[in-house]
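What follows draws every value from the coordinates through simple rules; no lab data is involved. From a predicted model like this one, the values you see are computed outputs, not experimental measurements. A quick note on method: Cβ atoms are made from the backbone with ideal geometry, for glycine too, and the neighbour counts reach across all protein chains shown.
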Amino acid sequence: MVVTRRIGLKTKGDCHIVDITREVAQEVAGSGLKDGTVTVFVTGSTGGVTTVEYESGLLSDLRNLFDRLVPTNIPYQHNLRWGDGNGHAHVRASLLGASLTVPFVDQRLALGTWQQIVFIDFDNRPRSRELVLQLMGE
């Protein structure tokens, strides 16, 4: 059986990291499925999804990592073409990826003790975002 759900978010942009674990867990619990997988997919090309330990030190480390790997203050061909200044956001999002799949057992996400699911908005402005969840199981 396949169940599709959506999660809406308001983000601040600029490497805003949002813990979405609770929302994903609620959708799994309410899906009617006992065991399976949930795929979280970002609709848009300037955001990504992963798992982390959601604590302030690591969040700062992650933001600093993206600043070092993909700086905001260098030329991007995307910016020259579109003039929107978010070329770095597209590159960062492509490095992180647009989806994540997590197993669930007895309607509970199979995450580690310190593991949370996060959405990262790399764009250069606040956004309304939509994540698509696709649950498969029985």
* Asked: Where the convex hull is taken over the Cα atoms of segment 60-123, what is its projected area averaged over directions, in nm²?
  -> 5.7
* Residue with peak Gaussian network fluctuation, the chain [Cα springs, cutoff 10 Å], from GLY97, GLY83, GLY48 -> GLY83
* Structure fact -> The alpha-carbon center of segment 90-138 and that of segment 29-77 are separated, in whole Å, by 7
* Add +1 for every Lys or Arg and -1 for every Asp or Glu among the other residues with Cβ under 10 Å from the Cβ of ASP123, and state the total. => +2
* Taking only DSSP H segments of four or more residues, each worth -39500 (n - 2.57), what value at 222 nm results for the chain once the sum is divided by all its residues, to the nearest 500 deg cm²/dmol? -> -8000 deg cm²/dmol
* Structure fact -> Among the Cα-Cα pairs of the chain, the proportion with separation greater than 17 Å, in percent, is 59
* Structure fact -> Toy charge model, Lys and Arg Cβ at +1, Asp and Glu Cβ at -1: the chain dipole around Cα centroid in debye, rounded to 20, equals 380
* Between helix 87-96 and the chain: long-axis angle, C-alpha atoms, 0 to 90°, nearest 10 -> 30
* Acute angle (nearest 10 degrees) that the helix 56-69 long axis makes with the longest principal axis of the chain, alpha-carbon atoms -> 50
